[in-house]
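Computed from the coordinates by the stated procedures, all read-outs in this text should not be read as laboratory data. Since this is a predicted model, take the numbers as computed values, not measurements. Quick reminder, even Gly has a Cβ in these numbers, built from the backbone with ideal geometry, and neighbours come from all protein chains shown.
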């Protein structure tokens, strides 16, 4: 079996071999290459000790030298080169007490988490697959190397990684491996929130983000996201919904990923024609939406809007949108009331949800920008703005013009995860609001005080008013007038309005 390696990787391997050492590409890069995927990075394992690796190359960084890892820099790209090693005893479900170096490649591969990650490749000697990883790739399963109990006792995060890989690769977790996860889920208590955040974020934006259900079903969320467990069992009892709060939220994450995945195609295909590698039906069919529930025109208009918005969504925004969908209804169980007909209502859940989501995200060590963007989207996800210019301007001023396209995606995903019988009219409204907003944006109407044609200094000068809270009040009054009538945003008109308002106030 021959694999194509990047030139820099081959050069590193060749250099180490010229000095009498063994060297192989190893781990995820081998797995991804065998799957026809582009590896995110390339790791190398070698019989050379860290000191020898450092001597062999001009530019190196001691990234984890206590564990045998040195980063070799080639053409401004870093390649982790790690000495063959055997991990010592683990005492905290996180890290080995000590590591010892070995001269045997298979000993090194044996300490790794899953068979599909325990393969190595050398251009001269070929593939080393001591644990049948290629077979598991063909069978599309995630299986631990050796005893799964031992692997998860060594590092409990591997349990979450198993589900993450199943989501990214659309593989199934082998039964013994899964059972070991169920039995050891509580060990995630010993894992830092930061490490959990990294794995959960990768799963959240993966091809099969529906594997979030597996994190719940195996009992892992109980130890880092108990709010989701509660959501999964909370019935909505409302004609607009067909799922529990949690299932609705996960379905909406899947839909958002369907939207955002369109970005990666050279020519964005119709959502109704898209299929994934494991043969899922089109988005429309997966949601059970048929032509007599949502007409083609409504669907096509939505698709066109998605095509316009998605190209501007970078990876960080992708994460923000999926976190928003996961948590947008997190406060529903706390806000639920039930009327005399037994129908549940959730008044105030967007505001309460934004606050609770912020607490959850900070607990999981997300950065402030992510937290604040998710909170904004959750706070405004349920706004029923009508397709009228005045309403839209006020909504954009309230939400922020930069958030309006993202709120559109959030509302689409939210609606499509509800009762399809009631989706058509809602989708039409969201599309119409977006279209009018974009039409108005061509003229960039003032939505904030900073965008007014006058400043506080102008008002003080022209009206002879001293600095104080009344300046801010006047500016806010002027903004309200401009939101109603954008054409009033010129200096003379605003100063005239300010004079009249100030005169009325002091009389």
Quarter of Cα convex hull surface for the chain, i.e. mean projection, nm² | 30.7 nm²
To the nearest 10 degrees, the tilt of helix 491-506 (Cα long axis) against the first principal axis of the alpha carbons of the chain is 70 degrees
Semi-axes a, b, c in Å (a largest) for region 1-129, each sqrt of 5 times a Cα gyration tensor eigenvalue, come to 21, 19, 14
State, as an integer percentage, the relative contact order of region 235-441 based on alpha-carbon contacts under 8 Å between residues 6 or more apart.
-> 28 percent
Calculated FRET value between residue 444 and residue 106, using beta carbons and R₀ = 56 Å, to 0.05 = 0.30
Give the calculated FRET efficiency between residue 368 and residue 62 to the nearest 0.05, with a Förster radius of 22 Å applied to their Cβ-Cβ distance.
-> 0.15
Gap in Å between the Cα centre of region 30-52 and the Cα centre of region 91-160?
-> 13 Å
Amide N proximity, region 362-392 versus residue 425 label position 7 Å along Cα-to-Cβ, cut-off under 16 Å = 384-387
Once label points are set 7 Å from the Cα along Cα→Cβ at both residue 189 and residue 389, what is their separation, rounded to one decimal in nm?
-> 6.1 nm
Extension gain, residue 76 back to residue 7 (0.36 nm per residue minus Cα-Cα distance, nm) | 23.5 nm
Compute the distance in nm between two label points, each set 7 Å from the Cα along the Cα-to-Cβ direction, one at residue 347 and one at residue 176.
-> 5.8 nm
C-alpha center-to-center spacing [region 439-500, region 361-401] in angstrom | 24 Å
The chain: relative contact order from alpha carbon pairs under 8 Å, six or more residues apart, as a whole percent, is 9 percent
For n ≥ 4 DSSP H runs only, could you compute -39500 (n - 2.57) per run for the chain, divide by its residues and tell me the 222 nm figure to the nearest 500?
-> -15500 deg cm²/dmol
For residue 18 and residue 229, FRET efficiency with R0 = 51 Å and r from the beta-carbon atoms, rounded to 0.05?
-> 0.35
Nearest 10 degrees, 0 to 90: what angle lies between the long axis of helix 296-309 and the longest principal axis of the chain (Cα atoms)?
-> 70 degrees
Paramagnetic reach from residue 499 in region 446-474 [backbone N under 14 Å; point 7 Å along Cα→Cβ] = 459-465
Could you work out how far helix 193-204 tilts from the main Cα principal axis of the chain, as a 0 to 90 degree angle to the nearest 10?
-> 80 degrees
